[in-house]
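Here's the structure we're looking at; comments come further down.
The values are calculated or read from the model by the stated rules, or taken from the named source; none is laboratory data. These figures come from a predicted structure and were not determined experimentally. Positions of Cβ are generated from backbone atoms using ideal geometry, with glycine treated the same way; all protein chains shown enter the neighbour counts.
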Amino acid sequence: MKSKPNIIIVLSDQLRRQALGCYGNTDISTPNIDSLAQNGVMFENSCSTYPICVPFRFTLMTGEYAHTREIPGIEWCMSPSEPTMADEFNKNGYETIYIGKWHLAGGSGRVLGKPEEVGKSPIKKAHQGRWKKWLGFEVRNRPYDTYYFEDDDPEPIKLEGYQTDGMFDLGITQIKNTEKPFCMVISVEPPHDPYIAPPKFEAKWKNKAIKLRDNFVSPDDNKYDKYISDLRNYYAMIENLDENVGRLNEVLKEMSIDDNTIIVFISDHGDLHGSHGLQRKQWPYEESVGIPFIVYDPRTNVNNVKISAPTNSEDLFPTILGLADLKVDRKICGYNFAPHISIGDTNVERNEVLLEFVAEHRPNADFYLEGWRAIRTEKFKYCVKGDKINMRPWMLFDLTEDPYENNNLIGKEDYKAIQDDLNQRLISLIKLTDDFVEIVN
């Protein structure tokens, strides 16, 4: 009988795929993450469907589109009745372990307080997604001042040192003490702002020259130096994350379980860092929606395979379960890429994905009281924006000719047929996924 594989999901926060060496960044050094891609499968056009923390994490845990629950960008609590990824692994004999940021219990914001306040509040057992072992917290955004909670103990535990190092320490300890096949999530906030890295990494990047993306725009000359400083520290945080991926790999080898442990490396959304004169996430631009999606499965003979078909968040749930050969007794929204990963098959029948921003309740945030939907193919991205019953054409980009999305083709006569076709395909996706918005021309 074939033994069950272990699965480790490394989930980083606000890491855009363009910031990794394997995705073409020549400034940064990420040899351990790059090695996962070189010895596995990398999805070149992987996207976060709804590029902000809460809805991505809901979709990862359940496989469902966030618009089916009308989930806003933040301040939302997942119902304990939602079937989760942990449920599927639990009933198939796995030890399930969740470590790190959760952000599905209602924090943070106007309702429960700022991240530094929410980060010292326990998450009730019923709201932990039924992960058997829990070493988590809601949200903190203080990488040198992180607290976590063990199972249903309400007492916060201070994490010593830098958050990424400490969370990987907890993960490594759990691996060493787990005999059953396990599914583990290690969820770290870095490189989410504030952009603070351990001193040795910040020192390396302090005066290092960096190449800015061709769509970088500083809205204010006085802010240029801050943009550059933030980006340097962002890269420093990613290199620290890469070092921890290397530490994790060494432990797997020392324990002789590296040949049966799958590593899935992902992020919840990207970070604009001045692209199009914008910061953070929420927008449909590639720097915001573009996330790494890398699968290293040592059981296969697959090496350095690159799949160019676009993916979105809904694909993660069925793919991760598929890697363990688990079947789900309900309709699943996403595409299961596990069969492609097992043999290195790059031919994917599906060639389009839905992207969205459903709702924003914070008055000072982007897309307050409006939203957007988009269809993303390998070559094109078409976006509409507005309220629920009045979404109108907004942006169209030819990603092959214009990968930095500097030339909006909406309304251009030469692209009218393409725009009309993408508009109809987006309407079809909206209907197919039980979305509630209407597009008007």
- Query: Do the conditions hold for residue 76, that is, is it hydrophobic (A, V, I, L, M, F, W, C) and modelled with pLDDT under 95?
  - Reply: yes
Screening 230, 271 for residues that are in a helix (DSSP H, G or I), surrounded by 17 or more Cβ atoms within 10 Å (Cβ to Cβ) and assigned by TED's automatic domain parsing to the domain that holds residue 161 leaves only 230
Wholly inside region 301-414, strands (runs of 3 or more DSSP E) that include 1 or more residues that are over 26 Å from residue 62 (Cβ atoms) are 305-307, 380-387, 390-398
So, first residue over 21 Å from residue 406 (Cα atoms) in region 206-228, second residue among the basic types (Lys, Arg) and surrounded by 10 or more Cβ atoms within 10 Å (Cβ to Cβ), Cβ within less than 8 Å, six or more apart or across chains; the pairs are 206/232; 208/232
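Quick check: anything in region 19-26 hydrophobic (A, V, I, L, M, F, W, C) and either in a loop (DSSP other than H, G, I, E, B) or not assigned by TED's automatic domain parsing to the domain that holds residue 295 (or both)?
Going residue by residue through region 19-26, those that are hydrophobic (A, V, I, L, M, F, W, C) are 19-20, 22.
Still in the running and either in a loop (DSSP other than H, G, I, E, B) or not assigned by TED's automatic domain parsing to the domain that holds residue 295 (or both): 20.
Checking region 19-26: at least one residue is hydrophobic (A, V, I, L, M, F, W, C) and either in a loop (DSSP other than H, G, I, E, B) or not assigned by TED's automatic domain parsing to the domain that holds residue 295 (or both).
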Assess whether residue 358 counts as being in contact with a His (Cβ under 9 Å, 6 or more places away or on another chain), closer than 18 Å to residue 433 by Cβ and either buried (at least 19 other Cβ atoms within 10 Å of the Cβ) or small (Gly, Ala, Ser) (or both).
yes
Just one listed residue, out of 387, 398, 402, is touching a strand residue (DSSP E or B) at 6+ places or on another chain (Cβ under 7 Å), charged (D, E, K, R), free of Cβ contacts under 8 Å to residues at least 24 places away in the same chain and not assigned by TED's automatic domain parsing to the domain that holds residue 34, and it is 398
For region 343-352 the number of residues that are under 22 Å from the mean Cα position of the chain (by Cα) and closer than 22 Å to residue 261 by Cα is 0
Restricting region 117-171 to residues that are of a type in the set (Val, Ile, Thr) and assigned to a helix (DSSP H, G or I), the one nearest to residue 95 (Cα to Cα) turns out to be 164
Residues of region 56-96 being closer than 23 Å to residue 7 by Cβ, part of a helix (DSSP H, G or I) and free of Cβ contacts under 8 Å to residues at least 60 places away in the same chain, in sequence order, are 58, 87, 90
Considering residues that are within 20 Å of residue 6 (Cα to Cα) and either among the aliphatic types (A, V, I, L, M) or in contact with a Cys (Cβ under 6 Å, 6 or more places away or on another chain) (or both), the number found within region 122-179 is 5
